[in-house]
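To keep things clear, I will list the structure first and then write my remarks on it.
What follows draws every value from the coordinates through simple rules; no lab data is involved. Predicted, not measured: the structure shown is a model, and the values here were computed from it. Neighbour counts are summed over all protein chains in view; Cβ atoms, including those assigned to glycine, are modelled from backbone coordinates with ideal geometry.
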Amino acid sequence: ETGVTQSPTHLIKTRGQQVTLRCSSQSGHNTVSWYQQALGQGPQFIFQYYREEENGRGNFPPRFSGLQFPNYSSELNVNALELDDSALYLCASSHGPVRYDQPQHFGDGTRLSIL
Amino acid sequence: AQTVTQSQPEMSVQEAETVTLSCTYDTSESDYYLFWYKQPPSRQMILVIRQEAYKQQNATENRFSVNFQKAAKSFSLKISDSQLGDAAMYFCAYLLIQGAQKLVFGQGTRLTINP
């Protein structure tokens with residue numbers, strides 16, 4: 001069983017650019033959540049996708065958008081990058097709604113640096 | 001506001017000793033799950049232990065146990081017989097059962113194990 005994989009591992013962009021981060025969910029998982037983890041902070045929820053539909057969103061501006069594909073892989077897109085977008089972006093997958101016996105499994109994250 | 005507070009930014013313990021990490025949270029909901037995650041330098045969030053809020057019995061997983069005090073909204077993690085591999089950032093988090101199932105994380109505690 002393959003785990004959650006994220007690509008790329010590390011990315012450097014400049015202010016104003018756009019970026020796409022990718023996540024392949026664990027086999028059999030149809031729910032993907034994205035989190036932003038600034039340096040020295042805990043992760044913050046960006047949004048969640050369930051069966052290709054957005055299923056909840058955190059306090060992030062519209063320039064953060066996402067997609068989930070029929071194979072349940074997912075993308076996080078960020079437009080008009082700002083310096084504060086520099087962070088580790090974590091993807092987590094689960095089989096259906098997260099429950100006690102079906103916790104989320106996290107990937108290793110993408111480190112995004114904005115210059 | 002839904003918040004998680006970890007009042008100890010850093011903790012250290014001698015190998016083989018016991019250490020307790022503190023966590024308090026604030027939510028008006030009655031149904032939720034509580035988690036402790038470990039994040040080593042590899043960046044992946046690893047589930048350490050979980051607790052259902054309606055269960056009074058404290059969860060245990062080998063050397064890891066929790067002290068869950070629902071009325072006080074406290075959820076501390078005890079690590080017994082600390083090992084060098086336990087060194088990591090530890091995050092406390094809760095998950096509401098209703099609505100978008102987002103994890104709300106604390107700011108983390110960096111645990112150092114002294115040989």
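Say we join alpha carbon atoms closer than 10 Å with springs in a Gaussian network model of chain A; which of A:V98, A:V19, A:V78 then has the biggest fluctuation?
A:V98
Per-residue Cβ counts within 10 Å, from other chains only, averaged over B:25-36: what number is that?
Counting Cβ atoms of other protein chains within 10 Å of each residue's Cβ and averaging gives 1.
If you take each beta carbon of peptide A:41-48 and count the beta carbons of other chains within 10 angstrom, what is the mean?
Mean partner-chain Cβ count within 10 Å for A:41-48: 6.
GluC sites (Glu not before Pro), restricted to region B:23-115: which are DSSP loop and have at most 13 other Cβ atoms within 10 Å?
The qualifying sites are B:E29.
Other chains near B:88-96: what is the mean number of their Cβ atoms within 10 Å of each residue's Cβ?
Across the residues of B:88-96, the mean count of other-chain Cβ atoms within 10 Å is 2.
For the residues B:M11, B:M89, B:M45, what sequence is obtained by ranking on other C-beta atoms within 10 Å, fewest first?
Starting with the residue having the fewest Cβ neighbours, the order is B:M11, B:M89, B:M45.
Using the Cβ atoms and a cut-off under 14 Å, what net charge is assigned to the surroundings of B:Y32, where Lys and Arg are +1 and Asp and Glu are -1?
Net charge around B:Y32: +2.
Evaluate the charge dipole of region B:1-54 about its Cα centre and quote only its size in Debye, nearest 20, assuming +1 on the Cβ of each Lys and Arg and -1 on the Cβ of each Asp and Glu.
Approximately 220 debye in magnitude.
Pop out the ³J(HN,Hα) list for region A:4-16 in order, Karplus 6.51 cos²θ - 1.76 cosθ + 1.60 with θ = phi - 60°, rounded to Hz; leave Gly and Pro as x.
With coefficients 6.51, -1.76 and 1.60, one gets 7, 10, 10, 9, x, 6, 9, 8, 10, 10, 10, 3, x Hz.
Can you give me the long-range amide H partners of A:S73? Hydrogens built in the peptide plane at 1.01 Å from N, cutoff under 5 Å, separation of 5 or more residues or another chain.
Sorted by chain and number, the residues that satisfy this are A:S25.
In whole Hz, with x marking every Gly and Pro, tabulate ³J(HN,Hα) for region A:81-97 from phi via Karplus 6.51 cos²θ - 1.76 cosθ + 1.60, θ = phi - 60°.
4, 10, 4, 5, 7, 4, 5, 8, 9, 10, 10, 9, 10, 8, 8, x, x
Rounded to whole Hz and in sequence order, give me ³J(HN,Hα) for region A:58-66 from the Karplus expression 6.51 cos²θ - 1.76 cosθ + 1.60, θ = phi - 60°, writing x for Gly and Pro.
Values, residue by residue: x, 7, 10, x, x, 5, 8, 9, x Hz.
Could you state the number of Å between the C-alpha centres of region B:54-110 and region A:69-92?
First find each Cα centre; the distance between them is then 27 Å.
Choose one answer from B:Q98, B:Q39, B:Q57: the residue with the largest mean-square fluctuation in a GNM of chain B with alpha-carbon springs under 10 Å.
Ranking B:Q98, B:Q39, B:Q57 by mean-square fluctuation puts B:Q98 first.
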